[in-house]
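A.B. asks: Below you will find the structure I want to go over with you.
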Ligand SMILES: C[S@@+](CC[C@H](N)C(=O)[O-])C[C@H]1O[C@@H](n2cnc3c(N)ncnc32)[C@H](O)[C@@H]1O
């Protein structure tokens with residue numbers, strides 16, 4: 001509880017994360033690697049070059065390294081995080097650490113087989129009620145970030161997004177022809193369900209996902225949105241207990 005912010009909007013601020021990482025050693029949002037390892041193994045090969053977005057002080061990169069994934073570039077905009085995590089993993093050749101914003105990636109086009117994020121977009125979008133009521137600032141940030149992710153992926157590469165947000169609300173953020181990828185959805189967790197979305201670069205969106213692009217906000221009942229708010233609150237309580 002010591003790291004709970006007084007306001008959810010603090011999850012978007014780099015100062016919050018820098019402060020938190022001065023005292024918190026390690027924390028895994030949405031569970032650790034063993035919980036979803038079986039799903040990652042279907043889409044990520046040991047020899048793949050992996051970009052980890054918003055790595056935080058999570059054990060995910062270290063655990064993946066131990067499992068044989070040896071090419072992992074880790075990005076976070078918190079300088080404290082990058083300083084601590086690079087020192088912690090100095091004995092892992094092939095693992096690199098970069099202080100960088102996910103909406104301005106300084107990697108060349110088509111440089112990764114896999115881009116992975118866990119709870120990073122959740123933290124950035126935490127204040128948004130739904131995809132239909134997103135602030136222009138968040139919508140623009142998200143579009144820039146997804147465009148950057150798509151640019152950095154090789155043809156056939158995968159963007160893996162691990163989140164607590166259900167398909168009703170998250171899929172439409174990823175369903176866009178401009179990003180040039182298909183979407184697959186998986187889930188894990190007992191009691192509380194988490195989702196793994198796998199976007200494959202160069203594949204076409206399925207018809208249902210393509211249709212999401214054209215659907216307008218008023219096509220959805222307000223009750224759909226109510227379900228989401230409750231889920232988000234429950235998540236925010238659970239992860240800090
Ligand atoms: C909720 S934590 C998730 C940490 C880790 N991925 C995990 O699963 O435990 C979000 C992380 O994203 C980072 N972050 C937030 N916004 C970012 C941005 N715009 N660019 C880069 N990193 C960002 C934060 O510093 C924080 O480490």
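Every number in this text was worked out from the coordinates using simple rules, so none of it is lab data. From a predicted model like this one, the values you see are computed outputs, not experimental measurements. Cβ coordinates were reconstructed from backbone atoms using ideal geometry, including for glycine residues, and neighbour counts include every protein chain displayed.
A.B. asks: What FRET efficiency would be calculated for the residue pair residue 90, residue 185, taking the C-beta separation as r and a Förster radius of 41 Å, to the nearest 0.05?
C.D. replies: Efficiency, rounded to the nearest 0.05: 0.65.
A.B. asks: Using R₀ = 22 Å, calculate the FRET efficiency as 1/(1 + (r/R₀)^6) where r is the Cβ-Cβ separation of residue 42 and residue 155; round to 0.05.
C.D. replies: Values: r = 19 Å, r/R0 = 0.87.
With a Förster radius of 22 Å, E is 0.70.
A.B. asks: State the extension gain, in nm to one decimal, for the chain segment bounded by residue 8 and residue 123, taking 0.36 nm per residue of separation less the distance between their alpha-carbons.
C.D. replies: Taking residue 8 through residue 123 to full extension adds about 40.5 nm, to one decimal.
A.B. asks: Same structure again: Take the chain, connect every pair of alpha-carbon atoms lying under 10 Å apart with a spring to form a Gaussian network, then pick out the residue of 79, 150, 66 with the largest mean-square fluctuation.
C.D. replies: Residue with maximal mean-square fluctuation among 79, 150, 66: 66.
A.B. asks: To continue, here is another question. Quick check on the chain: what does the Kirkwood estimate of hydrodynamic radius come out to from the alpha carbon pairs, in Å? Display every interim value, and only then the final one.
C.D. replies: Numbers: mean 1/r = 0.0545 Å⁻¹.
Roughly 18.4 Å, rounded to one decimal.
A.B. asks: Let me have the relative contact order for the chain, percent, based on Cα pairs under 8 Å that are six or more residues apart.
C.D. replies: 18
A.B. asks: If you don't mind, there's one more thing I want to ask. With springs only between Cα atoms under 10 Å apart, run a GNM on the chain and tell me which of 51, 212, 153 wobbles the most.
C.D. replies: 212
A.B. asks: Next up: If I take R0 = 22 Å and measure r between the Cβ atoms of residue 138 and residue 15 in this structure, what FRET efficiency does the formula 1/(1 + (r/R0)^6) give, to the nearest 0.05?
C.D. replies: E(calc), rounded to 0.05, equals 0.75.
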